[in-house]
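Below: the structure, in structure tokens.
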Amino acid sequence: MKKLEKLNKKFLRDGYLIQNVEDKKALQYINSLIKNKLFNLLKIKSKSGSLDDVHKFVKKSELNSTRLKLINFINEDKEFRKKYFEIGKNIIFSVIGNELAMQNNINLSIQIPQDDSSLLPLHSDTWSGDSPFEVVVWIPMVDVYNTKSMFILKQNKSEKFRKYFSNKKLKLSSQLQKKFKKDLVFLNIKFGQFLIFNQNLPHGNVVNSTNETRVSLNCRFKGLFTPYAQKKLGSFFSPLIVRPASKIGLNYKFPGEEKE
Ligand SMILES: [Fe+2]
């Protein structure tokens with residue numbers, strides 16, 4: 001319990017946590033599913049190949065369609081969402097609460113070296129329809145570091161950023177990214193670990209200048225009864241954990257309320 005309290009404090013202080021996956025078998029399930037399907041799509045015969053080397057087998061022009069096929073495939077798998085949750089269940093409960101909503105479709109990102117076609121410049125998810133009550137669980141399928149990873153603004157710079165954002169004329173994401181360059185941290189995360197972060201904190205990525213491919217997954221979680229923004233329960237999120245008292249409450253009808 002003490003450990004979780006410490007981690008909660010750290011999450012508030014830094015805006016993120018990097019932890020070892022809680023269920024290694026769940027990670028293995030997810031990783032095998034992705035690797036087998038991706039190798040299949042790219043007609044890679046060798047089973048010993050690494051996801052780090054995906055760029056050697058994919059044309060830039062086919063990258064996005066391959067990614068979309070892979071996203072469809074993983075989201076059709078009945079076990080995938082459950083396994084995803086199991087990777088960080090205790091931390092998710094600790095940071096968010098024990099009644100949860102989970103994003104319907106899990107996202108997958110493939111960042112091959114020197115590719116600028118699918119970058120996410122500095123942004124907060126709240127700028128595009130996400131509620132500030134959401135957190136993102138981000139799971140790399142390979143070791144990520146430096147530009148192969150994503151960056152996040154240091155929590156202690158977020159007030160400065162907010163003031164800058166509201167007072168100055170630098171509204172373009174690229175200008176802000178330049179201005180705050182030294183306050184952005186690239187997160188080093190090993191395969192076998194996961195990241196949980198506050199998506200209100202500006203974050204993004206740059207051209208991957210390493211010589212390895214990044215394959216990573218991301219999915220949002222939130223307290224089931226916390227406010228929703230444009231991404232609603234039903235269309236974007238589904239209930240994941242609903243406790244009995246809430247089920248009773250949600251189904252309750254006052255006598256006389258029911259129409260015969
Ligand atoms: Fe984001």
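Taken together, the values in this text are just the output of simple stated rules run on the coordinates, not laboratory data. Quick caveat: nothing in here was measured; it's all calculated off a predicted structure. Glycine gets a Cβ as well: all are built from the backbone with ideal geometry, and neighbour counts include every protein chain shown.
Alpha-carbon geometry of the chain: the Rg and the Dmax are 19.8, 68 Å, given in that order. Under a GNM of the chain (C-alpha, springs under 10 Å), which listed residue has the highest mean-square fluctuation: Gln111, Gln193, Gln177? Looking only at Gln111, Gln193, Gln177, the largest GNM fluctuation is found for Gln177. Averaging Cα coordinates gives a centre for segment 77-115 and one for segment 146-196; these two points are 22 Å apart. List the trypsin sites (Lys or Arg not before Pro) within segment 135-180 that fall in a DSSP loop (any state other than H, G, I, E or B) and whose Cβ has at most 15 other Cβ atoms within 10 Å. Here the sparse-neighbourhood loop sites are Lys168, Lys169, Lys171. From the Cα gyration tensor of segment 76-218, with a ≥ b ≥ c the square roots of its eigenvalues, which class applies: rounded if a/c is under 1.5, or else prolate if a/b is larger than b/c, or else oblate? It comes out oblate by the Cα gyration axes. Scanning the chain for DSSP H helices at least 30 Å long along the axis (C-alpha atoms) with a Kyte-Doolittle mean no lower than 0.5 picks out nothing. Our coupling estimate for segment 103-115, obtained by passing each phi through the Karplus curve with A = 6.51, B = -1.76, C = 1.60 and θ = phi - 60°, is 4, 5, 10, 7, 8, 10, 10, 10, 10, 8, x, 6, 9 Hz, Gly and Pro reported as x.
Exposure proxy shown here: for His123, His55, His203, the number of other Cβ atoms within 10 Å sets the order, fewest to most, as His123, His55, His203. In this entry, segment 1-144 is assigned a mean projected area of 10.1 nm², taken as a quarter of its C-alpha convex hull surface.
Partners of Lys231 within straight-line reach, counting lysines whose Cα lies under 20 Å from its Cα and excluding those fewer than 8 residues away in the same chain: Lys222.
The loop-placed GluC sites (Glu not before Pro) in segment 78-126, going by DSSP, that have at most 15 neighbouring Cβ atoms within 10 Å of their Cβ come out as Glu79. Candidate cross-link partners of Lys157 among the aspartates and glutamates, defined by an alpha-carbon separation under 14 Å and a same-chain spacing of 8 or more, comprise Asp14, Asp183. If I build a Gaussian network model for the chain, linking alpha-carbon pairs within less than 10 angstrom, which residue out of Asn156, Asn90, Asn208 has the largest mean-square fluctuation? Result for the chain, Cα springs under 10 Å: Asn156 fluctuates most.
Remark on Asp115: its backbone amide H falls under 5 Å from those of Asn208, a criterion applied only to residues 5 or more positions apart or on other chains, H modelled at 1.01 Å from N.
As a proxy for reagent exposure, ranking Tyr145, Tyr29 by other Cβ atoms within 10 Å from fewest up yields Tyr145, Tyr29. Computed over the chain with a Gaussian network model linking Cα atoms closer than 10 Å, the most mobile of Ile110, Ile248, Ile30 is Ile248.
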